[in-house]
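Structure first, commentary second.
The values are calculated or read from the model by the stated rules, or taken from the named source; none is laboratory data. In this text the structure is predicted, and so the values were computed from the model without any measurement.
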Amino acid sequence: MIQVGHSLGDEEHDLYGFKSLTENKAEMLSTLRLNPKIDFSMFYGLDFDKLAAKKRKKGKRQ
């Protein structure tokens, strides 16, 4: 266990889920300015409502 970076015992899984965002932090993150160096052009013209409306079948979008 130690050789692969795990702690000994069962306490490792007890630590999962404690780093979730609070509503206040999520709101703060949503108002941050975007980095002007990021190229978002690949998303221009996409119909996000149409993409979200597609139903999954057998784990894959059809």
Given the conditions (1) of a type in the set (A, V, I, L, M); (2) in a helix (DSSP H, G or I); (3) at pLDDT below 70, every one holds for Met1 apart from (2)
Reported set for region 41-55 where residues are part of a loop (DSSP other than H, G, I, E, B), at pLDDT 90 or above and of a type outside the set (Asp, Glu) is Tyr44, Gly45, Leu46
